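Read through the structure below, which is laid out as structure tokens, and then see the notes.
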Amino acid sequence: MRPSARIPSILAGLALAVGGAVVVAPSAHADVPACEQYVAKHAPKATDGAVEACYQGAIGNQTSCDASLVAAGASKDVAQSACEASR
């Protein structure tokens with residue numbers, strides 16, 4: 001292969017590799033601190049259980065997140081909103 005033909009091939013391969021990395025890259029991390037802040041603001045008595053509950057929401061276990069926050073003393077509406085914030 002001629003050197004002049006090799007450079008565009010390398011650049012095209014690099015562009016595909018970088019573009020593929022962007023497509024394969026995971027989305028932004030869940031926002032556990034936003035969930036904890038929501039709980040602290042709307043249900044201060046439930047802050048003790050917020051860390052673990054918000055983590056459960058962040059990993060996709062919304063049912064456990066909701067149930068844990070309700071058990072810690074948050075209302076169902078607050079628990080649901082906080083768990084949504086963790087996603």
Tell me, which residue of the stretch 62-87 that is within 12 Å of HIS42 (Cα to Cα) and assigned to a loop (DSSP other than H, G, I, E, B) is most open to solvent (accessible area, probe 1.4 Å)?
SER75
Select from the stretch 43-61 the residues that are of a type in the set (A, V, I, L, M, F, W, C) and in a helix (DSSP H, G or I) and write down the one among them that is nearest to the chain's Cα centre (by Cα).
ALA58
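The values are calculated or read from the model by the stated rules, or taken from the named source; none is laboratory data. Everything quoted here is computed from the prediction, not taken from an experiment. Surface areas here come from the heavy atoms of the whole protein model, side chains and all, with no ligands, DNA or RNA. Shrake-Rupley method; radii C 1.70, N 1.55, O 1.52, S 1.80 Å.
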